[in-house]
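Down below is the structure, laid out as structure tokens.
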Amino acid sequence: MSKVNGDDWGHYPIDTFYVISDRIVGNILRGEILYQKTVLEDGLRVVTDTMPYTRSVSICIFVGVGSRYEKNSVAGISHFIEHLLFRGTEKRPESRIISGAIEGVGGILNGGTDREVTVYWCKVPRNHFLSAMDVLTDMLLHSRFDPGDMEKERQIIIEEISMSHDSPDMWVNHLIDRLLWYGNPLGRDVAGDKKTVSAITREAILDYMQLGYLPANTVVAVAGNIEHQEVVEVVSRSLVGWEAVSRPNKYQAYEQNNCPPVKIEKRKIEQAHLCLALPGLSLFHPARFHMDLLNMVLGEGMSSRLFTEVRDKLGLAYTISSYTEHLADTGSMIIYAGVEPKKLSTAISVIVEQLASFKEKEVSEAELTKAKEMSRGRLLLRMEDSRSVASWMGSQEILTNKILSVEEVVSIIDAITAPEICRIASELMVSDRLRLAVVGPIDKSEPLEALLRL
């Protein structure tokens, strides 16, 4: 789930490649989808999927930097840089010129920052591919970081942070991150906080970019009605002269620390917003698809267990859902709900009971079949859009150095059994790993910890 200015990119890994001349080129045919990959001499990776039936081309430039790479003193700098790249270049000195070059032809331009990756993307009609690539690569290599623009954007980000704080459904997600990743940069807001954002200097930004904004740490993913070789040639011309070095860009590995299991922030509002969470599985864990399927049964959609029990049967919440996240060395499963304050304890108890049920009894064949069909269908529908395909390829490549095809993911999902889901539930759903965050008119002395028993 993207945290700031972005969408859900779907981090799915995976591939082989072949050395050809001075480049590495991969052609991976699985089912009806052909992914092609070229690694340029400077280490920049180009991945494409030709979609001849579309009228569009989508470009995603992924850079392997995010909030977990930041020192505490410059928390939010990845997100700050992402904003500033839309502010102006020497060739296009104003943000309206940058956005107008894409929007003026009916296209879409945006960016997003997460914990482990930053992305800049656009989607345009096929005949505007060259100009779109020129815009994105100009932003990447020639942004001015004008001091006046920096101050304006700094205030915009501070307002963004304030907006998040004023939205209890958003803020409770930040609080649960702090509990899940206690003492680790993963627990910070991707946008940073007002103090750190206010102190970030132009020099700090340029230094940070020299560590992470490098060809070997970047993937250009393109999908649409275009051929691979044309993309490679255009990228090679557009990004010529980029410093071809490789520097270690390390992050603090996650280690589980002792922390309070419950965080309550009292506010005078109508609802109690809660997040109940468990640490999950990393992006590289072979059972992460089992966890995703479990989550599909638990809290995805109006036919999920949580929606059926908490909303339909008991009327405890208007909104309730769950989601999973997979990172390089850890992961999470988070349940969100907004409930009447007097019914908070009841809602928590029911949610915990639903979690525990996965350990006590295997998922029924009907539920398992529905969850698989739902997972498969959502994935296949998503792949009709060129931007989704580009994101699918690029996010996997930047995070795992591999690309897992849609067909492979479907095969993995189809092979998952009910006993396997029960087993992963037993391993992950442990009482002392449960974390609870609440924002609402709830006293901090409320004895909610006693409810966290699986």
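What follows draws every value from the coordinates through simple rules; no lab data is involved. It should be emphasised that the depicted structure is a prediction, and the values quoted were computed from it without experimental measurement. All Cβ positions, even for glycine, are placed from backbone atoms using ideal geometry, and neighbour counts span all protein chains on display.
Values for this structure:
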{"read-out": "Evaluated at q = 0.16, 0.17, 0.20, 0.22 Å⁻¹: base-10 log I(q)/I(0), Debye formula over Cα of region 163-291", "value": "-1.10, -1.13, -1.21, -1.29"}
{"read-out": "Inter-part distance where region 377-454 and region 270-330 are each reduced to a Cα centre, Å", "value": "8"}
{"read-out": "Loop sites in region 338-440: GluC sites (Glu not before Pro), DSSP, at most 12 other Cβ within 10 Å", "value": "E384"}
{"read-out": "Computed over region 59-99, Kirkwood Rh from alpha-carbon pairs, angstrom", "value": "11.7"}
{"read-out": "Trypsin sites (Lys or Arg not before Pro) lying in DSSP loop within region 398-454, provided at most 12 other Cβ fall within 10 Å", "value": "K444, R453"}
{"read-out": "Ascending count of other beta-carbon atoms within 10 Å, so fewest first, for H142, H83, H285, H128", "value": "H142, H285, H128, H83"}
{"read-out": "DSSP-loop GluC sites (Glu not before Pro) across region 199-289, with at most 16 other Cβ within 10 angstrom", "value": "E227, E243, E255, E270"}
{"read-out": "Over the chain: helical MRE at 222 nm, DSSP H runs n ≥ 4 each giving -39500 (n - 2.57), nearest 500", "value": "-12000 deg cm²/dmol"}
